[in-house]
Amino acid sequence: MFKSLGDLDALLEQHDEYRSNCLNLIASENFTSMKVRSYLDNDFGNRYGCYATLNPSVRDYTGNKYINEFEMATHELMKEVFHGEYVDLRPIGGHMAGMSVVLALLDPGDLVIEVSLENWGHGLVGPMCQVSHFNKTINVKYMAFDEDRAVDIAKLEAQIRAEKPKLVIFGGSGTLFPEPVRQFRPLADELGFYIAYDASHVTGLIAGGLFPNPLDEGADIMFGSTHKSFPGPQGGFVTSNNRDMMKKVGETLSPSLVTSHHLFRIPALAASLLEMKTYGPAYAKQIVANSKALAVALEKVGFNVLGKNRGFSESHIILVDAGAQVKAGPAKHLEQAQILCSDDFSGASPEIRIGTSEITRRGMKEEDMDAIAQLIYRSLILKEDAGVVASDVKALVAKFPDVAFAF
Ligand SMILES: *Cc1c(COP(=O)(O)O)cnc(C)c1O
């Protein structure tokens, strides 16, 4: 139990020490620059900023003069970086942002097609439909992927024609390649379904201009997280060029899903948007270069890296099928050696998801990827003593104490 602030400090210090000695390959995490972090400590975190959707200057609470100005200026930065005419920053995470879109756009009985958990979907609508009152109103089906882990366009088209969804959500937690948003826009117009894009993972790559911007490609609406490949504070957003849609989303969000929208994160988000305007293109380019180099390095030591026919990855993610070599639970095994990554959370497959955002932020480049592949190989395949591998992990990460692509 904590008895004094010193106890808190000691535990936080232990955490920092531990994490700075880990090699973080978790694709949904990132390292935020010290400058951006410094903006998390502000008075906004103790204030209420509830507002009327599409008319944010009408605030429920008094005392919002500068909060309104700050939030609106941050909206302007979001619009510039993500190309949406309307922005909502009230979702406190990508999941809530997605919920607001789903609940706003659907009527009882409507069908959603999304990415399944088996294909590294996030589980946005599927898990919600396990709540019995939701499955009476929302139906969910899943899109197919090809053997390189790209959306199977022909199968999806046939599925859409047969099943008539109201909403198709592209984007998942294992996105290797840009989704076919542009290809499905004409079909959406023909059949009258909406295209939403869950950008939670690839927000930073979109901000860097490397990943196609889904709104430019024809998505009706985009939502996501601000803390995965985008190196900002934890939070969510929704953006679109469709006024009516954003009105519905905003009115679903607030006051049903959120009232206090955790305003303390807005200054840090604004700082990270400025940071990405400056460094985003170079950062995104290095991320993809690192992904490709790490995929090649892992193949060299004998791993089966997915997406080979398409160059392994155009994102911050690579997927390794360690099926033949490793029993379920590779992430927990690697954790012993202070290498952090993800495996299939259901434990159904021994697939490993590796992300390159954080190592790129720490300044690692293509030539450092061989060393990472070796460490993974020694831990997972050679089953070397975890302590021995961990000490080499520490030695590697100690060479990268800085934050790259940052103010
Ligand atoms: C992480 C993730 C989410 C949820 O985002 P949070 O910010 O954790 O709430 C939603 N969709 C996808 C595809 C994700 O990967």
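The values are calculated or read from the model by the stated rules, or taken from the named source; none is laboratory data. The shown structure was predicted, so the numbers you read here are calculated from the model rather than taken from an experiment. In this analysis, Cβ positions are derived from the backbone assuming ideal geometry, glycine residues included, and neighbour counts consider all displayed protein chains. Each accessible area value is taken on the protein alone, full model and side chains, heavy atoms only, with ligands, DNA and RNA left out. Shrake-Rupley method; radii C 1.70, N 1.55, O 1.52, S 1.80 Å.
Numbers for the structure displayed
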{"read-out": "Euclidean distance between Cα centres, segment 139-180 to segment 371-389, Å", "value": "36 Å"}
{"read-out": "Sequence-distant lysines (8 or more away, or on other chains) whose Cα lies within less than 21 Å of Lys247", "value": "Lys79, Lys166"}
{"read-out": "Among Leu117, Leu191, Leu40, residue whose mean-square fluctuation peaks in a GNM of the chain (springs only between Cα atoms under 10 Å)", "value": "Leu191"}
{"read-out": "Stretchable slack from Glu13 to Asp146, in nm (0.36 nm times residue separation minus alpha-carbon distance)", "value": "43.4 nm"}
{"read-out": "Kirkwood-type radius of segment 314-407, with distances r between different C-alpha atoms, in Å", "value": "14.0 Å"}
{"read-out": "Too-long pairs where the Cα-Cα distance tops 30 Å, listed order kept, from Lys248/Lys292; Lys292/Lys332; Lys308/Lys332", "value": "Lys248/Lys292"}
{"read-out": "Rounded FRET efficiency, nearest 0.05, which uses the C-beta distance separating Asn135 from Thr62 and R0 of 30 Å", "value": "0.10"}
{"read-out": "Inter-probe distance in nm under a simple model that places probes 7 Å from Cα toward Cβ, at Leu54 and Asp216", "value": "2.8 nm"}
{"read-out": "Equivalent ellipsoid dimensions for segment 35-272 as semi-axes, Å, which come from the Cα gyration tensor, largest first", "value": "30, 19, 16"}
{"read-out": "Within the accessible area of segment 279-397 (1.4 Å probe), percent carbon and sulfur", "value": "52 percent"}
{"read-out": "Top of Asn241, Asn304, Asn42 by mean-square fluctuation, Gaussian network on the chain, Cα under 10 Å", "value": "Asn42"}
{"read-out": "Convex hull (Cα only) mean projected area of segment 1-136, reported in nm² to one decimal", "value": "13.6 nm²"}
{"read-out": "Residue of Ile113, Ile206, Ile138 that the Gaussian network model of the chain assigns the largest fluctuation, springs spanning Cα pairs under 10 Å", "value": "Ile138"}
{"read-out": "Whether segment 203-254 is rounded, prolate or oblate, judged on the alpha carbon gyration tensor where a/c under 1.5 counts as rounded", "value": "oblate"}
{"read-out": "Rh by Kirkwood over Cα pairs, then Stokes-Einstein D for the chain at 0.692 mPa s and 37 °C, µm²/s", "value": "149 µm²/s"}
{"read-out": "Kirkwood-Stokes translational diffusion coefficient of segment 248-405, alpha-carbon pairs, 4 °C, 1.567 mPa s, µm²/s", "value": "74 µm²/s"}
{"read-out": "Label-to-label distance, nm, for residues given as Lys308 and Asp41 (7 Å Cα→Cβ offset)", "value": "5.1 nm"}
{"read-out": "Cα shape, segment 261-342, gyration tensor, a/c 1.5 rule", "value": "oblate"}
{"read-out": "Förster radius 56 Å - calculated FRET efficiency between Lys300 and Ser260, Cβ distance, rounded to 0.05", "value": "0.65"}
